[in-house]
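Chemist: Below is a structure I'd like to ask you about.
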Amino acid sequence: MVGPVFKNLGENEEKLNKVEDMVDVVEEEEEEEEEQNWDDWTGDGEEGEDEDLEMVCLFCDDKFKSSGLLFEHCRVRHCFDFGGVRKALGLDFYGCFKLINYVRLQVAKNQCWNCGWTCESREELQAHLHEPTSLSNSKLIWDNDMYLKPYMENDHLLFSFDEDVDDDEDMVENLDTMSIDDKMDLETYASNFELLKSCKETEVTSVSENNGASSSNGATVKSCNAEKGGAYDKVSNDKKPISFSVNVDRDIMIVNKDYFGSYSSFGIHKEMISDKVRTDAYRQAIVGNPSLLKGAVVLDVGCGTGILSLFAAQAGASTVNAVEASEKMASVASQIAKDNGLLWNQASNGSGVIKVMNSMVEDLIESGQIEPRSVDVLVSEWMGYCLLYETMLSSVLVARDHWLKPGGAMLPDTATMFVAGFGKGATSLPFWENVYGFNMSSIGKELVEDAAHLPIVDVVDADNLVTNTALLQTFDLVTMKHDEVDFTATVQLEHKSLNSSEVQSTTTKCYGVVIWFDTSFTSRFCKESPTVLSTSPYTPPTHWSQTLLTFTEPISLTSKMLPNKSSSMVGSEVNPAVKIDSRISIARGVEHRSIDISLEVIAVGFDGQKRKWPIQMFNMR
């Protein structure tokens with residue numbers, strides 16, 4: 001249960017205090033189990049906002065005395081209909097609060113709040129702004145508590161945007177007549193409101209530059225300012241996205257703290273070390289290539305327990321710089337290296353070769369603890385789900401550019417992503433169709449529908465793949481550029497060929513696509529013992545599993561081209577497709593360390609007839 005939506009946060013601070021007092025009363029008298037009656041509780045006089053306070057437009061520097069005038073200006077001049085968006089998505093007070101902060105952040109980065117396109121200037125952004133292509137509350141990118149923190153200091157709009165809105169009176173409950181059904185609802189309400197109040201009082205650093213996030217959009221976007229003689233009427237396919245640096249350090253620090261803190265759990269490290277496919281591949285690449293490691297200076301980025309550093313020391317490295325951002329795990333790695341007689345100790349004339357450094361890569365550069373261009377071998381187990389989740393690859397590339405010698409080795413040195421179509425067996429449908437003899441398929445169908453909005457990480461059996469395997473993307477970690485982490489690729493999937501002499505056409509349903517990756521330690525550096533770490537469904541499973549993207553509806557595929565005698569749409573059971581053309585984009589998300597995935601699907605029939613589905617968006621965070 002979400003607390004009531006209020007007309008004005010500033011006017012209700014006194015009522016919030018009463019709610020907090022109510023929580024205390026409920027806690028004190030809960031043991032007496034007496035039914036409480038709050039009918040006589042009402043709010044007293046509120047403290048009004050200063051009517052002379054000016055509010056700054058979301059997209060330009062114009063200022064207004066009221067939120068109504070500001071939003072009308074945004075609608076007419078900047079194609080941003082706040083009221084329309086709010087009504088279409090059914091946003092409550094908190095949803096609107098987050099939306100405003102999200103838009104301000106995007107504008108500061110010169111990015112379109114709607115499509116994410118990055119412009120070269122504020123003027124180009126204003127010319128680019130356009131009406132939303134679609135409004136769906138299935139996935140709101142700003143639906144994140146990080147946007148409950150005011151992005152702009154003293155942003156008066158955040159505390160008065162509701163003052164001129166009359167459309168939502170039916171959905172607003174008056175605080176004076178609010179009934180308390182149970183203690184948990186009241187505590188949740190007070191907690192949410194306290195968060196907003198504290199955000200109002202928090203000193204927020206003004207935003208000036210983007211911290212290097214970039215975005216790309218291949219489509220031509222019609223500008224709503226074209227009729228006004230805007231400088232840019234469209235953004236063409238060949239325009240390269242420009243990155244700007246924005247000071248969002250506070251949000252990034254919070255995400256990093258949670259991220260590195262999660263790796264303080266020994267359970268995670270046990271899972272990774274116990275993954276024999278993973279650990280054996282790294283061990284073979286390091287210990288099995290003595291000519292590469294003997295006497296080398298090694299950098300281990302994200303060392304965790306230090307297992308890769310221990311392998312490097314075992315292989316004869318002269319120095320191993322083990323970098324770990326988690327304070328707890330850096331301490332653990334130091335103790336493990338010490339227990340094995342491998343920890344470098346300045347006091348004992350440098351005995352041991354492993355130096356553990358508790359720092360993020362970016363901070364370590366500033367400290368100067370490692371000389372630039374002094375590393376012979378850079379090793380890191382940086383891969384996340386769908387290869388790029390957690391975006392640790394960006395830190396590895398930073399380390400490569402700053403510390404790796406010319407001609408130095410990267411382990412691994414390549415990464416490749418693959419995609420294939422999966423069938424019904426890879427979904428939860430078969431399980432729910434027969435539960436102890438009962439049909440519960442309605443649950444399975446609902447789960448499959450929900451999966452069309454969320455990526456699923458699971459182990460897929462190779463027998464449940466219904467199409468050929470296609471190459472999605474290849475990365476050369478030695479030469480790739482930082483912005484190549486974001487990419488768009490097209491693939492063509494056809495019915496999986498059968499290893500039999502059957503001549504009859506077979507038809508199956510493709511429920512979505514599954515993505516996996518290989519990382520390779522090639523003979524470019526591993527002369528004695530090159531190896532491959534694969535997360536393919538055709539190889540033993542790993543802790544990465546595979547990543548499934550489920551279609552909005554299954555597509556029927558046939559293994560044999562037959563003339564179309566049906567008027568039904570391509571991809572249906574009576575008119576199966578002969579191939580599926582897919583376009584997949586993966587990019588770093590707005591939220592630090594997350595990734596956004598878009599999926600476009602076209603079913604192609606025997607006669608060339610095509611059927612296209614709406615673009616699906618998936619976010620891994």
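Chemist: Go through the stretch 59-71 and report how many residues are open to solvent by 30 Å² or more (accessible area, probe 1.4 Å) and not in a helix (DSSP H, G or I).
Modeler: Selection size over the stretch 59-71: 5.
Chemist: I'd like to check something: does the stretch 134-150 contain any residue that is over 26 Å from ILE597 (Cα atoms) and buried (at least 22 other Cβ atoms within 10 Å of the Cβ)?
Modeler: The answer is yes; a qualifying residue exists.
Chemist: Take SER497 and decide whether it is assigned to a loop (DSSP other than H, G, I, E, B), over 29 Å from ARG400 (Cβ atoms) and more than 27 Å from the chain's Cα centre (by Cα).
Modeler: So SER497 fits the description; yes.
Chemist: Just the residues that are within 24 Å of the chain's Cα centre (by Cα) and part of a helix (DSSP H, G or I), please, taken from the stretch 358-399.
Modeler: VAL361, GLU362, ASP363, LEU393, SER394, SER395, VAL396, LEU397, VAL398, ALA399
Chemist: Looking at VAL332, VAL297, VAL301, which is the one that is within 20 Å of SER374 (Cα to Cα) and open to solvent by 20 Å² or more (accessible area, probe 1.4 Å)?
Modeler: VAL297
Chemist: Restricting to the stretch 45-62, count the residues that are among the acidic types (Asp, Glu) and either touching a Lys or Arg at 6+ places or on another chain (Cβ under 8 Å) or modelled with pLDDT of 50 or more (or both).
Modeler: Matching residues across the stretch 45-62 total 6.
Chemist: Something else now. Can you name the number of the only condition in (1) charged (D, E, K, R); (2) at pLDDT 90 or above; (3) exposed (fewer than 12 other Cβ atoms within 10 Å of the Cβ) that ASP458 fails?
Modeler: Tallying (1) charged (D, E, K, R); (2) at pLDDT 90 or above; (3) exposed (fewer than 12 other Cβ atoms within 10 Å of the Cβ), ASP458 fails exactly one: (3).
Chemist: Residues that are modelled with pLDDT of 90 or more, at least 3 per element: which helices (runs of 4 or more DSSP H) completely within the stretch 227-340 meet that?
Modeler: By residue number, 276-287, 290-293, 307-314, 327-339.
Chemist: Would you point out which residue out of VAL478, VAL513 is over 22 Å from the mean Cα position of the chain (by Cα) and not hydroxyl-bearing (Ser, Thr, Tyr)?
Modeler: The unique qualifying residue is VAL478.
Chemist: Got a sec? Which of GLU573, GLU600, GLU591 is of a type outside the set (Lys, Arg) and open to solvent by 50 Å² or more (accessible area, probe 1.4 Å)?
Modeler: On inspection, the qualifying residue turns out to be GLU573.
Chemist: I want to confirm something. Restricting to the stretch 530-550 and keeping residues that are buried (at least 22 other Cβ atoms within 10 Å of the Cβ) and of a type in the set (A, V, I, L, M, F, W, C), which single residue is farthest from the chain's Cα centre (by Cα)?
Modeler: LEU533
Chemist: Return the residues of the stretch 543-553 that are more than 30 Å from GLU573 (Cα to Cα) and touching a strand residue (DSSP E or B) at 6+ places or on another chain (Cβ under 8 Å); say none if nothing qualifies.
Modeler: Hits for the stretch 543-553 are TRP544, SER545.
Chemist: Residues LYS527, LYS481: which one is more than 24 Å from THR552 (Cα to Cα), of a type in the set (D, E, K, R), touching a Ser or Thr at 6+ places or on another chain (Cβ under 9 Å) and exposed (fewer than 14 other Cβ atoms within 10 Å of the Cβ)?
Modeler: Selected residue: LYS527, the only one of LYS527, LYS481 that is more than 24 Å from THR552 (Cα to Cα), of a type in the set (D, E, K, R), touching a Ser or Thr at 6+ places or on another chain (Cβ under 9 Å) and exposed (fewer than 14 other Cβ atoms within 10 Å of the Cβ).
Chemist: List every residue pair whose Cβ atoms sit under 6 Å apart, with the two residues 6 or more apart in sequence or on different chains, where the first one lies in the stretch 541-556 and is under 17 Å from TYR389 (Cβ atoms) and the second, anywhere, is acidic (Asp, Glu).
Modeler: Pairs that qualify, where the first residue is under 17 Å from TYR389 (Cβ atoms) and the partner is acidic (Asp, Glu), are THR542/ASP275; HIS543/GLU271; HIS543/ASP275; SER545/ASP458.
Chemist: Also: Any idea how many residues of the stretch 421-447 are aromatic (Phe, Trp, Tyr) and assigned to a helix (DSSP H, G or I)?
Modeler: 2
Chemist: Taking GLU327 as meeting all but one of (1) in contact with a strand residue (DSSP E or B) (Cβ under 8 Å, 6 or more places away or on another chain); (2) open to solvent by less than 40 Å² (accessible area, probe 1.4 Å); (3) under 17 Å from SER359 (Cβ atoms), write down the number of the exception.
Modeler: Checking GLU327 against (1) in contact with a strand residue (DSSP E or B) (Cβ under 8 Å, 6 or more places away or on another chain); (2) open to solvent by less than 40 Å² (accessible area, probe 1.4 Å); (3) under 17 Å from SER359 (Cβ atoms), the one that fails is (2).
Conditions tested, residue by residue: (1) modelled with pLDDT of 95 or more; (2) open to solvent by less than 50 Å² (accessible area, probe 1.4 Å).
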{"position": "GLY352", "(1), (2)": "no, yes"}
{"position": "MET357", "(1), (2)": "yes, yes"}
{"position": "GLU366", "(1), (2)": "no, no"}
{"position": "VAL375", "(1), (2)": "yes, yes"}
{"position": "ARG400", "(1), (2)": "yes, yes"}
{"position": "LEU404", "(1), (2)": "yes, yes"}
{"position": "PHE422", "(1), (2)": "yes, yes"}
{"position": "LEU447", "(1), (2)": "no, no"}
{"position": "HIS453", "(1), (2)": "no, no"}
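Chemist: Also: Filter the stretch 52-111 down to the residues that are polar (S, T, N, Q) and farther than 24 Å from ASP145 by Cβ, then identify the one that is nearest to the chain's Cα centre (by Cα).
Modeler: Ranking the qualifying residues of the stretch 52-111, first place goes to ASN110.
Chemist: Is it the case that ARG104 is out of contact with any helix residue (DSSP H, G or I) (no Cβ under 7 Å at 6 or more places or on another chain) and surrounded by fewer than 21 Cβ atoms within 10 Å (Cβ to Cβ)?
Modeler: no
Chemist: Let me ask something else about it. Can you give me the number of residues within the stretch 72-97 that are open to solvent by less than 20 Å² (accessible area, probe 1.4 Å) and in a helix (DSSP H, G or I)?
Modeler: 10
The values are calculated or read from the model by the stated rules, or taken from the named source; none is laboratory data. This is a predicted model, so every value here is computed, not measured. Glycine gets a Cβ as well: all are built from the backbone with ideal geometry, and neighbour counts include every protein chain shown. For the accessible areas, the whole protein counts, side chains as well, though only heavy atoms, and no ligand, DNA or RNA atoms are used. Shrake-Rupley method; radii C 1.70, N 1.55, O 1.52, S 1.80 Å.
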